[in-house]
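In what follows, a single structure is set out as structure tokens and then discussed.
The values are calculated or read from the model by the stated rules, or taken from the named source; none is laboratory data. Please read all numbers here as calculations on a predicted model, not as lab measurements. Because the Cβ atoms are built from the backbone with ideal geometry, glycine has one as well, and the counts that use them run over all protein chains shown.
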Amino acid sequence: MILSDKKILESIESGEIVVDPFRKECLGTNSYDVHLGKHLAVYKDKVLDAKKHNQIERIEIPAEGFVIKPGTLYLGVTEEYTETHNSVPFLEGKSSVGRLGIDIHATAGKGDVGFCNTWTLEISCVHPVRVYAGMPIGQLIYFMVEGDIENYYNKKKNAKYNERTIKPVESMMWKNKF
């Protein structure tokens with residue numbers, strides 16, 4: 001079941017969902033709009049290694065915007081810090097962003113119950129596009145969970161993305177044992 005605007009508001013009022021900053025005008029019928037933060041990152045190496053900590057170069061989006069280009073994976077971040085304690089958040093792109101040829105995630109659109117952080121975005125595009133800090137970039141949709149939860153993300157000892165940040169976070173795949 002997807003939460004309606006009223007249920008999202010109730011969950012925010014009860015602390016089961018946190019959105020900071022929260023702006024009521026960003027609440028849709030059954031979603032909440034999130035915005036692109038001022039930080040991007042790109043990987044330094046041309047070839048990434050899943051067993052290695054791949055280093056990133058950070059970019060701050062200037063007031064005049066920043067042109068993203070095809071063939072490059074940009075890591076972005078939402079302005080909004082979120083917490084979700086009773087539902088599963090899904091991050092989807094906004095249709096207006098998609099119509100500019102921008103994808104905001106490659107595979108990681110689902111959060112976990114207990115995720116408490118900003119969202120790192122995996123941004124790619126089909127042709128050059130100028131993006132701006134603060135522009136609407138995606139929408140969070142919340143699904144109710146059936147049953148008790150034993151393993152909240154923010155309480156997992158091996159959770160790799162728990163450190164609160166306002167900057168995009170590179171892949172931590174290298175921390176896995178394989």
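Computed quantities for the displayed model
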read-out	value
Filtered residues of the stretch 66-81 (kept if closer than 22 Å to Asp33 by Cα and among the hydroxyl-bearing types (Ser, Thr, Tyr))	Tyr74, Thr78, Tyr81
Residue count for the stretch 127-150, restricted to those that are in contact (Cβ under 8 Å) with a residue 12 or more places away in the chain and over 20 Å from Gly98 (Cβ atoms)	5
Given (1) free of Cβ contacts under 8 Å to residues at least 40 places away in the same chain; (2) in contact with a Cys (Cβ under 8 Å, 6 or more places away or on another chain), index of the condition Ile68 fails	(1)
Options Val18, Val67; residue that is over 16 Å from the mean Cα position of the chain (by Cα), of a type in the set (Val, Ile, Thr) and modelled with pLDDT of 95 or more	Val67
Out of Tyr32, Tyr81, sole residue that is at pLDDT 95 or above, closer than 16 Å to Gly109 by Cα, aromatic (Phe, Trp, Tyr) and out of contact with any Leu (no Cβ under 9 Å at 6 or more places or on another chain)	Tyr81
First in the stretch 32-61 and without any contact (Cβ under 8 Å) to a residue 12 or more places away in the chain, second anywhere and surrounded by 11 or more Cβ atoms within 10 Å (Cβ to Cβ), Cβ under 7 Å, 6 or more apart	Asp45/Asn54
Restricting the stretch 1-23 to residues that are part of a helix (DSSP H, G or I) and small (Gly, Ala, Ser), the residue that is surrounded by the fewest Cβ atoms within 10 Å (Cβ to Cβ)	Ser14
The stretch 18-31 residues that are farther than 15 Å from Arg164 by Cα, paired with ones that are at pLDDT 95 or above and of a type in the set (Gly, Ala, Ser) (beta carbon under 8 Å, 6 or more apart)	Thr29/Ser4; Asn30/Ser4
Subset of the stretch 89-104 [closer than 20 Å to Val67 by Cβ and of a type outside the set (D, E, K, R)]	Gly93, Ser96, Val97, Gly98, Leu100, Gly101, Ile102, Ile104
